[in-house]
Amino acid sequence: MVSVSSIQPRFISTLIGDCRFIQPSHSLHRLFRCNSGNKHVSMQYSRRFSGLTDLLFNRRNIDELPNTKRKRLRPGEISPPRPVPEHIQRPPYVKSRKPPGIGSGFEVHDRKGIEKMRASGRLAAQVLQHAGTLVQPGTMTDEIDQAVHQMIIDNGAYPSPLGYGGFPKSVCTSVNECICHGIPDSRPLEDGDIINIDVTVYLDGYHGDTSATFFVGNVDEEAKNLVQVTKGCLDKAISICAPGVEFNKIGKIIHDLADKHRYGVVEQFVGHGVGRAFHSDPVILHYRNNSRGQMVLNQTFTIEPMLTIGSIDGVMWDDNWAVVTEDASLSAQFEHTILITQDGAEILTQC
């Protein structure tokens with residue numbers, strides 16, 4: 001756990017930073033002006049009442065949830081980081097061993113860059129597809145991490161999350177009420193769970209970033225509908241993307257569909273530019289907003305809506321990464337990296 005005086009950037013995919021409060025001005029540089037001591041997501045009081053937070057969300061002494069057989073998510077044991085062969089190219093933040101920088105400006109590519117983005121996106125999609133085949137009751141999320149890690153390095157790529165701001169594993173696995181940034185561990189998946197697997201690969205100097213939410217065994221209709229609507233939000237958002245379209249249209253179309261089904265849209269985490277940098281401008285808000293800016297030809301960025309059945313507010317676990325809904329309600333997420341083309345948008349992270 002980082003101290004107040006040494007807060008480092010975190011994943012922005014979902015937004016880097018121990019400061020998770022997005023203000024009306026959405027420049028990445030503004031987003032990272034964090035107030036010291038603010039280590040929780042949106043619930044500023046939760047660290048102040050640290051004993052209560054620990055009781056409810058970290059120690060999990062109260063496991064039972066109302067109106068469901070599902071129990072609160074408990075953290076398991078985390079294995080050591082997995083090694084990467086020396087010949088595989090590392091992102092700059094790994095080599096420098098310094099907090100990762102934030103890329104300013106859009107990721108706009110020439111023909112060669114586009115082909116590299118397609119290659120990294122395709123590999124990320126293939127890895128995610130393989131990870132999804134491992135999802136079944138009894139599988140530990142650490143086993144998913146092992147498989148993801150091995151497939152990425154076997155293809156000559158680097159698992160982008162590994163070592164990013166101190167993240168200890170090669171993939172994020174977020175189960176049930178975990179909104180994002182779950183660290184793979186020894187907890188076995190259980191029948192009825194849902195799990196988001198977030199894969200990013202660094203191949204030939206370019207990142208490809210994608211995620212999907214999978215069903216574990218027999219999932220109830222409430223969970224199925226949440227996942228299906230979340231996927232629909234991503235698909236609809238991508239369908240409106242094209243040169244000259246305002247970024248705030250993404251948030252409106254996602255929020256409108258979520259409202260129709262009475263789901264909450266998480267506001268604390270965002271999509272982002274991606275390419276040579278893991279995270280860069282623009283900030284992609286998934287809720288209604290008045291932010292300015294338009295999409296440009298040959299630009300790449302992610303869209304990654306997170307929907308919840310209940311509260312959209314989150315609390316960070318003591319591992320300083322995993323963020324769970326404050327009421328332990330289910331959360332789902334889908335993500336693609338897209339390329340803005342003359343005719344609209346090309347999804348780069350699909351097989």
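Sorting Val94, Val315 by accessible area puts them as Val94, Val315; the probe is 1.4 Å, largest comes first, and only protein heavy atoms count. Counting Lys and Arg as +1 and Asp and Glu as -1, what is the net charge of the other residues whose Cβ lies under 11 Å from the Cβ of Val201? For residues surrounding Val201, the net value is -1.
Close amide H partners of His207, meaning residues 5 or more places away or on another chain with modelled amide H under 5 Å apart, are Gly275, Arg276.
Any chance you could run the full-extension gain for His261 through Asp154? It's 0.36 nm times the residue separation minus the Cα-Cα distance, nm to one decimal.
34.3 nm
Specify whether the C-alpha gyration tensor of the stretch 89-223 places it in the rounded, prolate or oblate class, a ≥ b ≥ c being the square roots of the eigenvalues: rounded for a/c under 1.5, otherwise prolate if a/b is larger than b/c and oblate if not. Judged from the Cα gyration tensor, the stretch 89-223 comes out prolate (a/c at least 1.5, a/b above b/c). Computed from backbone phi, the HN-Hα couplings of the stretch 226-241 come to 4, 5, 5, 5, 4, 4, x, 4, 5, 4, 5, 5, 5, 5, 9, 6 Hz, rounded to whole numbers (Karplus: 6.51 cos²θ - 1.76 cosθ + 1.60, θ = phi - 60°; Gly and Pro given as x). Among 338-346, 159-167, sorting by the average number of other beta carbon atoms lying within 10 angstrom of each residue, highest first, gives 159-167, 338-346. Database remark: amide H of Asp193 closer than 5 angstrom to the amide H of Val216 (H placed geometrically; neighbours at sequence offset of 5 or more, or on other chains; Pro and chain starts carry no H). Just report the Cα centroid separation between the stretch 287-332 and the stretch 63-88, whole Å. The distance from the Cα centre of the stretch 287-332 to that of the stretch 63-88 comes to 19 Å. Count Lys and Arg as plus one, Asp and Glu as minus one, and take only other residues whose Cβ is under 12 Å from that of Thr349; the net charge is then -3.
What percentage of the solvent-accessible surface of the stretch 101-197, computed with a 1.4 Å probe over protein heavy atoms, is contributed by carbon and sulfur atoms?
On the stretch 101-197, the fraction of accessible area on carbon and sulfur atoms equals 45 percent.
How large is the Kirkwood hydrodynamic radius of the stretch 180-233, in angstrom, based on all distinct alpha carbon pairs? About 13.0 Å, per the Kirkwood formula over Cα pairs.
The Rg/Rh ratio of the stretch 174-286, with both radii computed over alpha carbons and Rh defined as the Kirkwood radius, is 0.99.
The values are calculated or read from the model by the stated rules, or taken from the named source; none is laboratory data. Note that the coordinates shown come from a computational prediction; the quantities given were computed from them, not determined experimentally. Because the Cβ atoms are built from the backbone with ideal geometry, glycine has one as well, and the counts that use them run over all protein chains shown. Accessible surface areas use protein heavy atoms only, side chains included; no ligands, DNA or RNA. Shrake-Rupley method; radii C 1.70, N 1.55, O 1.52, S 1.80 Å.
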